[in-house]
Amino acid sequence: MEKDLKNSIVKEPDITYGNYTYADYLSWDMEEMVELIKGRVFKKAAAAPKRIHQWLAGNLHTELNLFLKGKKCQAYIAPFDVRLPVKSKRDDKIYTVVQPDICVVCDPVKLDDRGCIGAPDLVVEVLSPGNKQLELQHKFEVYESSGIKEYWIVDPESQTLLVYTLKDGKYQASRLMTYGDKVKSSVLKGFELDLGEFFADIT
């Protein structure tokens, strides 16, 4: 089964259809980074993310860590497995395992040695040319249905940030924010990100 999965991913670089679970995911020994969304295997880019992607993700993770010092919430940066069960927490019954660029978890019960099981309170995805469909469509749907309270999308190319806030089970989008804007979180009360400073050193 593992060999067949590898071959199918090579032939179809964006998506492989299947009914895979977290138990399968744990058994794979693959060079490519993959995520599971509703039992389907999504291959992440084989090459490392671009420098600006890593710069922005690292800087935001640092800002969050500084803000969260001494608080119960914790911020994690990819690679970090987030399992999103629907009915059962058994490994063979979990069909979605994602690796957000950054996630913030405020309930310590959801944390274990393998990552997070259950919805983080906030996730951040930094767009790359090869992952825009994955982040904007597939992950949006699963983050919303899983009950993740806040979802940030950072676009390095346009130097913008969009915040989705969960209300009555559906995401409501902020306006598109950029230079001159200060982004505030409804989940992390008091946290503020100055986008002028955040995007200032992109070259």
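Asp107 passes every criterion in (1) surrounded by fewer than 16 Cβ atoms within 10 Å (Cβ to Cβ); (2) more than 14 Å from Tyr76 (Cβ to Cβ) apart from (2).
Listed here are the residues, each with its yes/no results for (1) touching a Leu at 6+ places or on another chain (Cβ under 6 Å); (2) crowded, with 17+ Cβ neighbours inside 10 Å; (3) touching a residue at least 40 places away in the same chain (Cβ under 8 Å).
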{"position": "Asp29", "(1), (2), (3)": "no, no, no"}
{"position": "Val41", "(1), (2), (3)": "no, yes, no"}
{"position": "Pro49", "(1), (2), (3)": "no, yes, yes"}
{"position": "Asn65", "(1), (2), (3)": "no, no, no"}
{"position": "Ala75", "(1), (2), (3)": "yes, yes, no"}
{"position": "Phe80", "(1), (2), (3)": "no, yes, no"}
{"position": "Thr96", "(1), (2), (3)": "yes, yes, yes"}
{"position": "Arg114", "(1), (2), (3)": "no, no, no"}
{"position": "Ser128", "(1), (2), (3)": "no, yes, yes"}
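Filtered by the rule that a residue be under 13 Å from the mean Cα position of the chain (by Cα), closer than 27 Å to Ser27 by Cβ and among the acidic types (Asp, Glu), the range 82-138 gives Asp101, Glu125, Glu135. Within the option set Asp155, Asp181, being under 19 Å from Trp55 (Cα atoms) and of a type in the set (D, E, K, R) holds for one residue only, Asp155.
Residues checked against (1) under 18 Å from Leu64 (Cα atoms); (2) surrounded by 14 or more Cβ atoms within 10 Å (Cβ to Cβ); (3) modelled with pLDDT under 95:
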| residue | (1), (2), (3) |
| --- | --- |
| Ser146 | no, yes, no |
| Pro156 | no, yes, yes |
| Leu166 | no, yes, no |
| Ala173 | no, no, no |
| Leu176 | no, no, no |
| Lys182 | yes, no, no |
| Leu188 | yes, yes, no |
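Against the test of being under 26 Å from Ala200 (Cα atoms) and buried (at least 18 other Cβ atoms within 10 Å of the Cβ), the options Leu84, Leu60 yield a single qualifying residue, Leu60.
The values are calculated or read from the model by the stated rules, or taken from the named source; none is laboratory data. Because the structure is predicted, anything quoted here is derived from the model rather than measured. Note that each Cβ is placed from the backbone with ideal geometry, even for glycine, and that neighbours are counted across all protein chains shown.
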